[in-house]
1. Could you tell me how many of the residues in the stretch 85-112 are free of Cβ contacts under 8 Å to residues at least 40 places away in the same chain and in a loop (DSSP other than H, G, I, E, B)?
2. Taking into account only those residues within the stretch 114-153 that are touching a residue at least 40 places away in the same chain (Cβ under 8 Å) and of a type in the set (F, W, Y), which is nearest to S48 (Cα to Cα)?
3. How many of the residues in the stretch 349-404 are assigned to a helix (DSSP H, G or I) and either open to solvent by 20 Å² or more (accessible area, probe 1.4 Å) or under 17 Å from Q209 (Cβ atoms) (or both)?
4. Going residue by residue through the stretch 379-388, is there one that turns out to be touching a strand residue (DSSP E or B) at 6+ places or on another chain (Cβ under 7 Å) and closer than 19 Å to D266 by Cα?
5. Those residues that are within 29 Å of A97 (Cα to Cα) and in a loop (DSSP other than H, G, I, E, B), I need them from the stretch 5-46; list them, please.
6. Tell me the residue from L245, L275, L256 that is in contact with a Lys or Arg (Cβ under 8 Å, 6 or more places away or on another chain) and either aromatic (F, W, Y) or modelled with pLDDT of 65 or more (or both), please.
7. Take A118 and decide whether it is open to solvent by less than 10 Å² (accessible area, probe 1.4 Å), over 21 Å from the mean Cα position of the chain (by Cα) and of a type outside the set (S, T, N, Q).
8. From the set of residues in the stretch 29-45 that are under 25 Å from R131 (Cβ atoms) and among the charged types (D, E, K, R), which is most open to solvent (accessible area, probe 1.4 Å)?
Amino acid sequence: MQIARGQRLKLADLGLDGQPFSIALTLADGGLVVDSACFGLDAARKLSDERYMTFFNQPASPCGAVKLASGGRFDFDLARLPATIESLTVTLAIDGAGTMSKLGNCIATLSRGGTSAATYAFDGGQFSAERAVMLLELYHKDGQWRLNAVSQGFNGGLDALVTHFGGSVADKPSAPQAAPPSAPPPSPPPAPPSRVSLSKITLDKRGDQISLEKRGSGKGHGRIECNLNWTSGGAPAKKRLLGGLFGGGRSSGIDLDLGCLFELSDGRKSVVQALGNCFGDFNRAPFINLAGDDRTGASTSGEFLYINGDHLAEIKRICVFAFIYEGVANWAQADGVVTVTVPGHPVIEVRLDGHQPSKNMCAIAMLENHNGELRVTKLAEYFAGHPDLDRHYGWGMRWTEGSK
């Protein structure tokens, strides 16, 4: 079923009532960096509980009814929502310069169990100078959940959307000013209201790095997640980096893999990758696990590397890479993006730029244990294969041909 702009219909008419379903956003972003979010609103259409804003820094609602998966897909289980949440608004916002008018042909696909129930097509021609869009609304009326294809432009960015829905944005911390010595001790200030942190760290240039200290009451950094995505850079649709990379999609037989070299503190070195079925182990050395191998590009969530940050003391360094197992590399068209998510910290974004199309392997980022802190450095270096990458970063391993 094709949904038109402004159309309202019952989820029951789409076969999506009473069961979990998804909304996947396929964006031809025209070079824009676009963030998706979902606002859980009360009867007054306000964000009365900021934990119900689901976005890159808060990828799930407290009840688990709304989850943001990789690639801008939202998974919904409306039966788990508290009664105070009357509507959910899915939004898009530009991170950086540009306007929504640059969007190409985009599609929102509603599906359940992998089967499409409806699609909503939209493009930049619907907008002008807006930097955000209220795209779709799910709302509760007369005992039923319904859908409204809003597509309403919004002049501000994500921070303005938060304010519009009644939330507040966390300020960047500033140095406190000391009181004069003669002044009496001030009364304790009231507890500030909760605020939404929209912080995201982008490592722009090769060699840019950031160090993250442990936060929270745990013994380490928790589960560190590395995820790799790509956009078509202006093609009619957005595709996964792990499937359909070179125009032909699944039918072309292209297979792009995510992996890493690792060196442990005791000197042991090896690789985690699908090639050779070296998937690693999260709970035992090397404390790194590759979550499956998507050979077709059919997975909507892509491939992930999970690193057990509670055992960072046993890890010296990790070189995260992607390589073309089959096919001819076209990194410029892929416009790859890697996100590194560390609990308690803003999402770290690394773009695969500085392309070298003759090389089929890209070293993405180096993660290092630096006196208990996690140091992340952008690499964006391209190589002809594993041995070249190994020599460049001094791993010193012996390589033989492998298959999977």
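The values are calculated or read from the model by the stated rules, or taken from the named source; none is laboratory data. Worth saying up front: this structure is predicted, and the values here are computed from it rather than measured. Note that each Cβ is placed from the backbone with ideal geometry, even for glycine, and that neighbours are counted across all protein chains shown. Please note that ligands, DNA and RNA were not included when accessible areas were found on the heavy atoms of the full protein model with its side chains. Shrake-Rupley method; radii C 1.70, N 1.55, O 1.52, S 1.80 Å.
1. Residues flagged as free of Cβ contacts under 8 Å to residues at least 40 places away in the same chain and in a loop (DSSP other than H, G, I, E, B) within the stretch 85-112 amount to 2.
2. Of everything passing the filter in the stretch 114-153, Y139 is nearest to S48 (Cα to Cα).
3. The total comes to 6.
4. no
5. Within the stretch 5-46, R5, G6, L27, A28, D29, G30, G31, L32, V33, R45, K46 qualify.
6. L275
7. Yes: the conditions hold for A118.
8. Filtering first and then ranking leaves R45.
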